[in-house]
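Since the structure comes first, as structure tokens, the remarks are kept for the end.
The values are calculated or read from the model by the stated rules, or taken from the named source; none is laboratory data. This structure is a prediction, so every number in the text was calculated from the model and none was measured. Heads up, the Cβs are rebuilt from the backbone with ideal geometry, glycines too, and the neighbour counts pull from every protein chain shown. Surface accessibility is based on the protein's heavy atoms, side chains included, excluding ligands, DNA and RNA. Shrake-Rupley method; radii C 1.70, N 1.55, O 1.52, S 1.80 Å.
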Amino acid sequence: MATSPVYPPSPEFVRRAQVQGMEGYRALYEKAAADPEAFWSELAEKELFWFEKWTKPFETDYPFVKWFAGGKINASYNCIDRHLDTHRKNKVAILWEGEPGDQRQISYQELHRLVCRFANVIKARGLKPGDRAIIYMGMVPELPVALLACARLGVIHSVVFGGFSAEALKARIQDLAAQLVITCDGAWRRGKEVRLKDAVDEAVAECPCVRNVIVYRRTGGAIHMQDGRDHWWHALDEGVSEICPAEQLDSEHPLYVLYTSGTTGKPKGIVHTTAGYLLHATVTMKWVFDLRDEDTYWCTADIGWVTGHSYIVYGPLSAGATTMMYEGAPDFPQPDRFWRLIEKYRVNIFYTSPTAIRAFVRQGDQWPNAHDMSSLRLLGSVGEPINPAAWEWYHKTIGNRRCPIVDTWWQTETGAIMIAPMPGAVPLKPGSGTLPMPGVIADIVDLKGRPLPANQEGYLVLRKPWPGVARTLWGDAERYKEQYWARIPGVYMTGDAARRDEDGYYWILGRVDDVMNVSGHRLSTMEIESALVHHPAVAEAAVVGKPHEITGQAIACFVTLKKGDWNHEEVAEELRKWVAHEIGSFAKPEQIRFTDALPKTRSGKIMRRLLREIVTSHAVTGDVTTLEDLSVITRLAAQQDEE
Ligand code: WTA
């Protein structure tokens, strides 16, 4: 195996770091491994504000776990109120820039005012602890305000990414039986308005559970307001009280549900609860981002995904950071928008995705080079494996070889970062997430659960419960058990393949299940297949991920049409639109290939592995719309009868 370059932290970085040198990292890691109860208890006491202390750090009823049972806590209080009698009272909590260039700076005191007011608005609509609110908004400050107002009352929030279609939104509202939808008239994206309220109207028409829709005015576009159901945020906000005490909630009170793609057509509602999640987000914010009070910290994710939940809202605000938010596209009005923002706000910590980095590489160095980015001291990457070439470019062109890069591996289900370097401690290897966080017991095993030796590829698993782990799937505890904890008894299956090198560094290779990672967004092949077969022209469909230079993977579909005289080009276009309608435009297939038959085993299972080979090796090439004859493969495949 080729040895990879190693980048140890610079002495200046180590000197000022929160965790210093490998000794610092090892001491924490060993302490957590030796006595997890004491380790997490101490951190919970130090890092969070409690109305009432817990009685036990954790208890398990395998595979279900409770952290800090008996404690009373509130996430909104921890993210705002506890900073108000400190030097952070007038510190900027949220630093925001809209795509058109408008700006807002919201201090912790001001955030408190906004959140209390909006919590009172929600309360006046009759919502109580345990009720569900769907949030479908663009990246405006009112989005975190809505999250924190829900958290303040114990209302369970579920953010639906603004790129999802009305159909996808409807499915999530119905699954949660949500009473309230919070949205915007629209959002700005590449100078155009994304019409969010129209999608809400379409979705809510079939959701009798929704009593109220609250609309924040962002774009000023003309929208329909239904009497009795729809209310303007600004109208309800008028004259409302600024006092709203935070509910004293159980540690295990659900904080939010976030839907993510699994291996079936139905998205999973990942349930995160309050205390453990918040602790995990808070400590990793400090360990991995080495946060200092004076930092301007910017995570470019959308709050519609877990990264935005944990590292734009809950982690940074709980840790008292200035968290920056940008509303729009990275290349609007020009490809240097991100670099312009870094220069303008003197950003110190910058956290983005490999897909974004690869797109920047393609646009050329002249864009970053035209800006002074000397304020940067730390860079981060998340969401998908970062290839060493993109890592090197990020390190050199953006970080000027001064800034460590924290490659952070985690999942919607893990709540917060699991494998990543502590930047003042762990030497970096481009492409590796390096070492697990304290309290995280990772391993590489075979399907029987046997640990594999160094450098052998296997399944990445996690052996011990950690505070941020998803507690269950909304309404489906069985699926939770079976998906994550049953394949190898006693361990959590991540669904990722990985290897661990001779230094114990983890190298993530990608998913081993039918989940694709497109631009760092998780999509299930089944979800797209079931959207396709819904279309009246489609008889059968199989979807696989195809390697893609920029987005990591792209969506390739093999489609068998019902009998008829089809114009393939037209049908392909129609199916692309159809998938965007059923799921969202970010799920639009890149490639649609028509075939007479799909390769199947004798028992009738579609052999995606063969199709993956076809799209990877280009064994079958040609125009996207040609009719392919896969019957040979089908016959061959049937003989092998793979299970
Ligand atoms: C992948 C995003 C390699 C992985 C936080 C995981 C990564 C899935 C990395 C979770 C990384 C995430 N290196 N792969 N640093 N981070 N992944 O739930 O396959 O949207 O299982 O959470 O993304 O995606 P999710």
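Scanning region 421-452 for residues that are near the ligand (Cβ under 9 Å from one of its atoms) and farther than 23 Å from residue 517 by Cβ yields a count of 0.
Assessment of region 328-341 against the conditions (open to solvent by 10 Å² or more (accessible area, probe 1.4 Å), within 16 Å of the ligand (Cβ to nearest atom) and over 15 Å from the mean Cα position of the chain (by Cα)) yields no matching residue. Looking at region 412-420, can you tell me whether even one residue there is more than 13 Å from the ligand (Cβ to nearest atom) and part of a loop (DSSP other than H, G, I, E, B)? No, region 412-420 contains no residue that is more than 13 Å from the ligand (Cβ to nearest atom) and part of a loop (DSSP other than H, G, I, E, B). Being farther than 20 Å from residue 594 by Cβ, within 16 Å of the ligand (Cβ to nearest atom) and crowded, with 17+ Cβ neighbours inside 10 Å, is that true of even one residue in region 531-545? No, because not a single residue in region 531-545 is farther than 20 Å from residue 594 by Cβ, within 16 Å of the ligand (Cβ to nearest atom) and crowded, with 17+ Cβ neighbours inside 10 Å. Residue check: residue 481 meets all listed conditions (1) away from the ligand (no atom under 16 Å from the Cβ); (2) open to solvent by 40 Å² or more (accessible area, probe 1.4 Å); (3) outside any helix (DSSP H, G or I) but one, namely (3).
Of all residues in region 570-598, those that are open to solvent by less than 40 Å² (accessible area, probe 1.4 Å) and either among the aliphatic types (A, V, I, L, M) or not in a helix (DSSP H, G or I) (or both) total 16. Looking at the structure I just gave you, is residue 504 at pLDDT 95 or above and part of a loop (DSSP other than H, G, I, E, B)? For residue 504, the condition - at pLDDT 95 or above and part of a loop (DSSP other than H, G, I, E, B) - is met. Is it the case that residue 135 is closer than 22 Å to residue 204 by Cβ and aliphatic (A, V, I, L, M)? When the stated conditions are applied, residue 135 passes them. Considering region 280-305, and only residues there that are open to solvent by 10 Å² or more (accessible area, probe 1.4 Å) and assigned to a helix (DSSP H, G or I), the residue that is nearest to residue 409 (Cα to Cα) turns out to be 287.
The single condition among (1) in contact (Cβ under 8 Å) with a residue 40 or more places away in the chain; (2) more than 9 Å from the ligand (Cβ to nearest atom); (3) part of a loop (DSSP other than H, G, I, E, B) that residue 362 does not meet is (3). Here residue 467 meets the list (1) closer than 30 Å to residue 177 by Cβ; (2) part of a loop (DSSP other than H, G, I, E, B); (3) under 17 Å from the mean Cα position of the chain (by Cα); (4) of a type outside the set (Val, Ile, Thr) almost entirely, failing just condition (3). Among the residues of region 255-276, are any modelled with pLDDT of 95 or more, closer than 30 Å to residue 54 by Cβ, within 14 Å of the ligand (Cβ to nearest atom) and part of a helix (DSSP H, G or I)? No; the residues of region 255-276 include none that is modelled with pLDDT of 95 or more, closer than 30 Å to residue 54 by Cβ, within 14 Å of the ligand (Cβ to nearest atom) and part of a helix (DSSP H, G or I). Residues in region 390-442 that are in contact with a Lys or Arg (Cβ under 9 Å, 6 or more places away or on another chain) and aliphatic (A, V, I, L, M) were compared, and the one that is surrounded by the fewest Cβ atoms within 10 Å (Cβ to Cβ) is 441. The selection criterion, being open to solvent by 30 Å² or more (accessible area, probe 1.4 Å), over 20 Å from residue 93 (Cβ atoms) and of a type in the set (Gly, Ala, Ser), does not hold for residue 275.
Within the option set 40, 67, being under 27 Å from the mean Cα position of the chain (by Cα), assigned to a strand (DSSP E or B) and at negative phi holds for one residue only, 67.
Of all residues in region 530-561, those that are free of Cβ contacts under 8 Å to residues at least 40 places away in the same chain and assigned to a loop (DSSP other than H, G, I, E, B) total 2. I want to confirm something. Restricting to region 489-527 and keeping residues that are more than 25 Å from residue 540 (Cβ to Cβ) and of a type in the set (Asp, Glu), which single residue is nearest to the ligand (Cβ to nearest atom)? The qualifying residue nearest to the ligand (Cβ to nearest atom) is 496. Taken over region 396-411, the criterion of being within 24 Å of the chain's Cα centre (by Cα), of a type in the set (Val, Ile, Thr) and more than 13 Å from the ligand (Cβ to nearest atom) is satisfied by 398 alone. Within region 444-465, if we keep just the residues that are more than 17 Å from residue 486 (Cβ to Cβ) and either of a type in the set (Asp, Glu) or touching a Leu at 6+ places or on another chain (Cβ under 6 Å) (or both), the residue that is most open to solvent (accessible area, probe 1.4 Å) turns out to be 457. Inside region 376-387, residues that are farther than 13 Å from residue 508 by Cβ and within 14 Å of the ligand (Cβ to nearest atom) make up a count of 2. Those strands (runs of 3 or more DSSP E) of region 149-207 in which 2 or more residues are closer than 15 Å to residue 132 by Cα occupy 156-159, 180-184.
From the list 146, 151, 133, 93, the lone residue that is closer than 19 Å to residue 253 by Cβ and in contact with a Phe, Trp or Tyr (Cβ under 7 Å, 6 or more places away or on another chain) is 146.
When each of 423, 438 is tested for being of a type outside the set (Lys, Arg), part of a loop (DSSP other than H, G, I, E, B) and in contact with a strand residue (DSSP E or B) (Cβ under 9 Å, 6 or more places away or on another chain), the lone residue that passes is 423. Restricting attention to region 1-30 and to residues that are assigned to a helix (DSSP H, G or I) and open to solvent by 80 Å² or more (accessible area, probe 1.4 Å), the residue that is farthest from residue 389 (Cα to Cα) turns out to be 30. In the condition set (1) assigned to a strand (DSSP E or B); (2) on the phi < 0 side of the Ramachandran plot, residue 510 is compliant with all but (2).
Those residues that are open to solvent by 30 Å² or more (accessible area, probe 1.4 Å) and polar (S, T, N, Q), I need them from region 220-266; list them, please. Listed by number, the residues that qualify are 226, 241, 248, 263, 264.
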